[in-house]
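To start, the structure itself, in structure tokens.
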Amino acid sequence: MNIFEEINLKGFAEEEIDPTLDLFDEINRLKKEKNAVILAHYYQDGDIQDIADYIGDSLGLSQQAAKTDADIIVFAGVHFMAETAKILSPNKKVLLPDVKAGCSLADSCPPHLFKKFKEKYPDHLVITYVNCTAELKAMSDIVCTSSNAIQIVESLPQDQKIIFGPDKNLGAYVAKKTGRDLVLWNGACMVHEIFSREKITKLKERYPHAKLLAHPECEEVILKMADYIGSTTGILNYATKSPEKEFIVATEAGILHEMQKKNPDKIFIPAPPNNSCACNDCPHMKRNTLEKLYLCLKNELPEVTVAEDIIVKAVKPIERMLEISARLGL
Ligand code: 13P
Ligand code: SF4
């Protein structure tokens, strides 16, 4: 099997790695040699976050992808994030350690169905959450992330009719905060939909001083209980600035790595999911490993590409989001 067939089948290039190699040293060496930058989302494994040049939430990562002068962007995240980087930097090579690192939320909104949905509301403007395919972005007027969704909606005239997709939980939260009547696509994230209200209530009894920090992709029942709602960067900053010492964190567990690093004296408890599994890892984010990151930088594969006609259309709503965010200092 050649390397391309292997990537088609598995999503990544597999190759025996010399066990005596220090992968941190090797990745740093390759990065310099190839003028590459590693951008990692907070949901990645701790060792990937530690070796990254930049870690952040979806907005921060798009801002970095737009301004980097590296020749290669290694995106330690999921496919829609690497696509966004490619759309913003089409002349750069964008690599994803495991090209099968997808997203249940992006999958919940197939472009051909969204096209039909959009046709039912011809006088509506389309705002799409960045967690969607490049094709969906190409059908949108403005893209948003969880850290700017409210401000993006508020930047539009009060009487502007709006379709919001694909995340119904974030959409409902934004509708509530802005008082706007948004038409929502019925999509959701498998990780954020799984938190259990009953188990969180019990945890709060055990840790009566703990603050509940929740991502707006969570269901309304969880958001109603939260002391703070925000993006991963928002959650991290809130916990860092807070005088409180204990926090229950209702988002993907990878964020706890940086939270703990920045706040060694504080206690962070992952919010329990509604099943017998004790973890709330995103199976897509966690497809990437340090080994796959090393091989992808070494072989410059798998590469994420986006069709030229899609780039031309999708770049406009993403740039609109970046312009509004820059204007508002986000
Ligand atoms: P943010 O990066 O905006 O916090 O969103 C989290 C997420 O679900 C990324 O997949
Ligand atoms: Fe997608 Fe949810 Fe995983 Fe984020 S956490 S990449 S929204 S499945």
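Here are some notes:
- Relative contact order %, region 132-215, counting alpha carbon pairs below 8 Å whose residues are six or more apart: 22 percent
- Of the whole protein surface, residue 330 contributes about 70 Å² of accessible area at a 1.4 Å probe radius.
- Percent RCO, i.e. relative contact order, over the chain, from Cα pairs under 8 Å lying at least 6 residues apart: 23 percent
- Electrostatic dipole magnitude of region 271-311 [Cβ: Lys, Arg +1; Asp, Glu -1; Cα centre; debye, to 20]: 320 debye
- Over the chain, equivalent-ellipsoid semi-axes from the Cα gyration tensor in Å: 30, 27, 18
- Restricting the calculation to alpha carbons of region 241-281 gives Rg and Dmax of 10.9, 33 angstrom.
- Percent of C-alpha pairs per 10 Å bin, region 157-278, short to long: 13, 42, 31, 12, 2
- Rounded accessible area of residue 201 (nearest 10 Å², 1.4 Å probe): 60 Å²
- Largest accessible area first, the listed residues 29, 327 line up as 327, 29 when surface is computed with a 1.4 Å probe on the assembled protein chains.
- Residue of 155, 140, 196 that the Gaussian network model of the chain assigns the largest fluctuation, springs spanning Cα pairs under 10 Å: 155
- Using the Cβ-Cβ distance between residue 35 and residue 113 with R0 = 41 Å, the FRET efficiency computed as 1/(1 + (r/R0)^6) comes to roughly 0.50.
- Pairwise centroid distance, computed over Cα atoms, of region 223-272 with region 287-316, Å: 30 Å
- Helix-only arithmetic for the chain: the sum of -39500 (n - 2.57) across DSSP H runs with n ≥ 4, divided by the residue total, places the mean residue ellipticity at 222 nm at -12500 deg cm²/dmol.
- Oblate is the label for region 94-167. Its Cα gyration tensor axes, ordered a ≥ b ≥ c, give a/c of at least 1.5 and b/c at or above a/b.
- Computed from the Cα positions only, the extents of region 202-248 along the three principal axes stand at 25, 25, 10 Å, in decreasing order.
- Probe 1.4 Å, accessible area per residue of the chain, Å²: 44 Å²
- Area accessible to solvent at residue 276, 1.4 Å probe radius, in Å²: 130 Å²
- 10 Å-binned pair-distance histogram of region 11-81 (Cα, whole percent): 18, 49, 28, 4
- Taking the Cα atoms of region 65-201, the ratio Rg/Rh between the radius of gyration and the Kirkwood radius comes to 1.00.
- Three-way shape label, region 126-201, alpha-carbon gyration tensor, a/c 1.5: oblate
- Volume per residue of the convex hull around the Cα atoms, evaluated for region 268-330, comes out as 218 Å³.
- A Cβ-based charge dipole, computed about the Cα centre of region 125-228 with Lys and Arg at +1 and Asp and Glu at -1, lands at about 420 debye.
- Accessible carbon and sulfur surface of the chain relative to its total accessible area, %, 1.4 Å: 50 percent
The values are calculated or read from the model by the stated rules, or taken from the named source; none is laboratory data. In this text, all values refer to a predicted model and were calculated from it rather than measured experimentally. Here the Cβ is made from the backbone with ideal geometry for all residues, glycine too, and neighbour counts use every protein chain on show. For accessibility, only protein heavy atoms count, side chains too; no ligands or nucleic acids. Shrake-Rupley method; radii C 1.70, N 1.55, O 1.52, S 1.80 Å.
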